[in-house]
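Worksheet: one structure, shown below.
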Amino acid sequence: MEALSFSELLPCPFCGQDVKEQDFLDTLYPSGIYWRDDDEHGRHYVCRSISPDNPCYQLVCHGCDASVSGDSMDETAIKWNTRTPRLQKSEEVAP
């Protein structure tokens, strides 16, 4: 997974807000949930008191409160920038 800088974030896909104009620390931050891997359970999500080393992150649009979460800052930024191409009229699926 390639790391993205804050300046590479795309505008919100829902309202068009430029998240780069928001305060970085109030836009992409630890969500309060943590993850860990172990042989018995694989990757699972826990509270900080159990595993404070691997925080999940959340990116929030201040224009419409849309958000995305990930297991790292990079994963969260990449998810934010992922867009599904719009279908053309000829590609739309019939009901």
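Things to note:
- Less than 5 angstrom separates the built amide H of Ser72 from those of Tyr57, all sequence-distant by 5 or more or on a different chain.
- Long-range amide H partners of Ile33 with built H, under 5 Å: Cys56
- Virtual paramagnetic centre 7 Å along Cα→Cβ of Tyr45, amide N under 13 Å, in region 52-72: 55-59, 68-72
- Student exercise, region 6-81 dipole from Lys, Arg, Asp, Glu Cβ charges, in Debye to nearest 20: 160 debye
FYI, it's all coordinate maths here, none of it is from the lab. Predicted model only: the values in this text are computed from it and were never measured. A quick note on method: Cβ atoms are made from the backbone with ideal geometry, for glycine too, and the neighbour counts reach across all protein chains shown.
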